[in-house]
Structures are given as structure tokens and as C-alpha cells.
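Working notes for the structure below.
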Amino acid sequence: MSGFDPIRLEVLRNALEATAQEMGAVLKHTAFSPNIKERMDASCAIFTAGAELVAQAEHVPVHLGSMLRAVRPTLEVTGPLDAGDVVIVNDPYIGGAHLPDITLIAPVFIAGRRVAYVASRAHHSDVGGMEPGSMPGRSTEIFQEGLIIPPVRLYRAGVLQADILSMVLTNVRTPEERRGDLNAQLAALRIGERRMGELAERFGADGLEEGLHAILDYTERRMRARLAELPKGVWVTEDCLDSDGSSDDPVWIRLKITLTEDCISFDFTGTSAMVRGNVNAVAPMCWSSIFYSLKLLTDASLPPNAGVLRPVTVHIPKGCFLDAQRPAAVCAGNTETTQRLADTILKGFAQIAPDRIAAASNGTMNLIGIGGTDPRTGKAYTYIETSGGGQGGRPMGPGMSGVHANMSNTLNTPIESLEISYPLRCLRYELREGSGGAGLNPGGDGIIRAIQIIGHDARVSLQTDRRRFAPYGLHGGEEGAKGRNWSVSRDGTAEERPAKGSMTLQDGETLVLETPGGGGWGRLPAVNRAAE
């Protein structure tokens, strides 16, 4: 196997995952923006010297899965990093996310040799673009979504490249907040570097590097063993997004899953072509949803690293909206398309292992972005929030209510923090009772969140879905309730708002989100249905 016995290897693996967890804690506790310090919309990971993901904390699945294929393309642009270098990147066509997700990458050197990389990715609440929050509801090209940062060295040999930082901060609405969050990401890298150095002292530089590769090989063996236990065959499934935000046409994901021996393949032939709106996704988003979903199908205790994907092949047709090409708009590919990818994949997995897979969860990150000039300070502000909904009913019990599910794993912004930080007031925050789909194991309920604009007019962007097509139930369970967006004027007049769009709300107006419920799992006995 390697020079590592199983116990020694497990000690190293857990030490690496604890390091990634500590990196995340440092990032959260030193960040400036509520989106990171309160909601922890950020993730940290460790990579081999060959840029394979070897350890990550339980942060945001969409970040971590996409980082699997982010570091190597970045290093292909920058070339090898020297001690003290830190690369900054947010280009989706290289970094594999959307523009608000800024990634910092640093090498780990032991005794003059590069043995690993550490990385932190965080969702910044503004990176410029046509709307505050950099998640415009109606963008049609990436240039409208914010500043594009190609892979460049923010630090070179330990020296800050002040011109690079100035270029970034000059192009955003909230520069001091961005500076603080970038420094928090840098602090996360520094603790990662330090802990890796301590592990090298314990295991030796050669032993540490050998151990990183042994962990990946171990994970691959376990994944292949789990796949070998599953039935072999071909399964076909599909699901769709409500629209791309530019037209009313649904955007389809079609998938063929093939299991052979100890391998699995995913073929997206028949999926919709690239669209004008912003639900286009770069290919790492597909890998991200596959990575997450495979652990649900096989073994949730599998180490979360690149070894999981070694038995996996993926075919995404050229021109498909899941492999977007420049300059397509992609901001909602991260938030909405990855959720529908997970729904589609899991619907297919429910045919393979019906006793392991839950019904559809709310299927959207329910993102809102609000920005303007804070009348208390005269300075620009940007507020970003994703809201939970109902989890799908599960084989072992009901779905949970009011939670982030599948590709999201963030917290909410506490009302006290929201109202202190922004000129906004939260009027309602409650469960949307009865929105979960009925079933033997019912789906969880969504939430209702109402936010009022105080003392100014604000721009509001919405990136939501499952407003037209409801979360599906499984095995006779019923659909969850669809979501709804609306606003209330100062005189009490209600107005429906689109799933995806941007608008101005005036002083005193209120935005209301009703998030979808989860689908039900299993058919209710006839006597229960009659009682309803």
C-alpha cells in the first residue's frame, strides 16, 4: 500500500481535515462581511503538489467540489509558485465558480521543496458589475457580473503586490470590506501553511508527501468497492430550471448514468444548449454536483477528496449550457444550476438505490442581493443572502424544515446582525407551514422572510428557482410547494416579483420570499390520505 499502516494513515487524514477546518474557523472569525463572518459562505482545502484535492472541511459543497478542478488550471496560467507567493483568481473559466467567489492559493514549502498547496474560497458580497451584490438577475454576459480577476500573484515572495490589490479594490462598491475579507482569506492560508509544517515535522517531508497520495489511493479503493456493490446498468433521468431569466423557456438537464463493475459515468447528451441568461455553468460545476451526490449514493463517510472521482467519467456535449464558453453569463450557474444538477443526479440515483436517496429538496439557493447608499453613513453597502427551504423527505424519516440543502451549507444572517449592518429591517422570519410535500415521510417546510428597505431606495436582485416547477416527490410522495417572490408597497399593495430579475424598491417597501418545501418520500397509506 505505502509506508503508512492504516492507523498512521488515518491519523494523518484526520489531521489534514482538522487543518482545513481550522483554516475555515480563522477565516470566519477574522472576516469583515456578515456574508462570511455570520453565514460562513466560504471554504478551505488542501491540495497535493500536483494540485489534487486531498482534504477539505465540511464547508460549502458547491465551493469544494468545484475547487477540485480549479487549482491545476490556475497553476497552468501562473506557472509554479515559489515560497511566499499567493495567487488570487475569480475567473469562472479558469477558477470554476462565479465572480463573487474569490480564491486565494498558496504553496507549502518544506525544506525548500513544494509539497502541497492550501486554498481558501469566499463569496464576496460585491465584486462590481451592473448591480450591487454582483448577482444581477438579468445579466447576459459575464462582463455585467463584475470584475474578472485572472490568476495573478497577489503576493510575490511574501511581498504584497499593492497595484494588484488596488486594481481589485477600485472596481468594487465596498472596498474596505473586500480588503478585510481578503485579509481573512490570507490568514486562513497562513494557518494552513503552519499546520502543514508541523505535520512535516511529525511525519517528515517525504512521509507527508507520500501520505497525501496514499490518502487519495485509499479513497479511490473505497469508492470503487462501494460502486462494485451497486446494481449494474443504465438509468436515464431529467429535470429542468424554471427559465434562464431571459426567456420563459425551461432549461433542461438530461442525464444518462451508467454503472459498470467499479466505475460510473455521467452523460449529459440532450441537455439544453447555452442560454442568453445567467444560468450557464462552467464544467467544474457539474463535477461539483457529481462529487456531492456520489457520497450520498455510496458512503457519506468517504474522505472528501479527489479519490472519490477517480472511477468517474463525465461527458458534457460541446455547446451545452453546462460547459459555458466566454463570454456567457454564469453567476446563477453556481447557485441555481448546481442545485438542479444535484436534483437530476439524485433522481437518477433513486432508481439505483431507492432506499438511500431523499426526495427533492427545495432546489434553489433563494438568493437575494440588496444594495444602495446607507443613509446612516453615506457609504455604499451590499447585502447578500441565500435562504434555506424544505429538505426532501428521506427514506429514514421526514425532511428537515428551513435548512440549506444539497449544494449549499451556509448559515442565515442573524436578524440583529442584518439590522445593525444594513439599512434594512426584517419583518418576518418564520417557517412556511404546510409547504412540504405529503408522504410516508413528508418533505420539510420552506421559510418566509420579509425584508423592508429603510430610509433610502435600493436596488434588489433575485436569483431563485422552483417558482414554476415544484420539487419532486419520490415513490408516491407528493411535490413540495413552489416558491414565491413578491413585494409590498408602503400602502400595502402586493406585487409579484420574478424568479430572476433586478428592480428598485423604494423607502418603506418590503421584499418577501416564500421558499419551496421539500418533496415527500413514499406513498401515504390510504387511511391517512382519506383523513387529509
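At a 10 angstrom cut-off on C-beta neighbours, averaged per residue, how do the peptides 116-125, 161-170, 248-257, 391-400 rank from highest to lowest?
In decreasing order of mean packing, 116-125, 161-170, 248-257, 391-400 become 116-125, 391-400, 248-257, 161-170.
How many percent of all Cα-Cα pairs in the chain sit more than 44 Å apart?
In whole percent, the share of Cα-Cα pairs in the chain beyond 44 Å is 13.
Which GluC sites (Glu not before Pro) in the stretch 238-347 sit in a loop by DSSP (not H, G, I, E or B) and have at most 13 other Cβ atoms within 10 Å of their own Cβ? Intermediate results must be reported in sequence, preceding the final value.
Numbers: sites: E238, E261, E336; in loops: E261.
Sparse-neighbourhood loop GluC sites (Glu not before Pro): E261.
Can you give me the Cα centroid spacing of the stretch 277-302 and the stretch 114-167 in angstrom?
Measuring centre to centre over Cα atoms gives 23 Å.
What is the dipole size for the chain, taken about its Cα centre, with +1 at each Lys and Arg Cβ and -1 at each Asp and Glu Cβ, in debye to the nearest 20?
320 debye
Using the number of other C-beta atoms within 10 angstrom as an exposure proxy, rank T237, T413 with the fewest first.
Ranked by crowding around the Cβ, least crowded first: T237, T413.
Taking the Kirkwood radius as the inverse of the mean 1/r across Cα pairs, report the Rg/Rh of the stretch 234-308.
Reported Rg/Rh, Kirkwood definition of Rh: 1.03.
Any chance you could list P(r) for the stretch 294-420, counting all Cα-Cα pairs in 10 angstrom bins from zero, rounded to whole %?
The calculated distribution, bin by bin, is 10, 30, 32, 18, 7, 1.
Three principal axis extents, largest first, for the C-alpha atoms of the stretch 6-221, in Å?
Largest to smallest, the principal-axis extents are 53, 32, 30 Å.
Dipole of the chain (Lys/Arg Cβ +1, Asp/Glu Cβ -1, origin at the Cα centre): which of A187, M285, Y218 lies farthest to the positive side?
With unit charges placed on the Cβ atoms, the residue in question is Y218.
Take D262, D239 and order them by how many other Cβ atoms sit within 10 Å, fewest up front.
Arranged by neighbour count, lowest to highest, D262, D239 become D262, D239.
Can you list the lysines whose alpha carbon is less than 30 Å from that of K295, not counting same-chain residues fewer than 8 positions off?
K28, K37, K232, K256, K318, K347, K482
Per the Debye formula with a single identical scatterer at each Cα and no solvent contribution, what log10 I(q)/I(0) holds for the stretch 358-532 at q = 0.08, 0.09, 0.18, 0.20 Å⁻¹?
-0.27, -0.33, -1.01, -1.17
Going by how many other beta carbons lie within 10 Å of each one, how would you line up V26, V234, V87, fewest first?
Numbers: V26 21, V234 11, V87 26.
With the sparsest Cβ surroundings first, the list reads V234, V26, V87.
Every number here is computed from the coordinates shown, using simple stated rules; none is lab data. The shown structure was predicted, so the numbers you read here are calculated from the model rather than taken from an experiment. We place every Cβ from the backbone using ideal geometry, glycine too, and count neighbours over all the protein chains shown.
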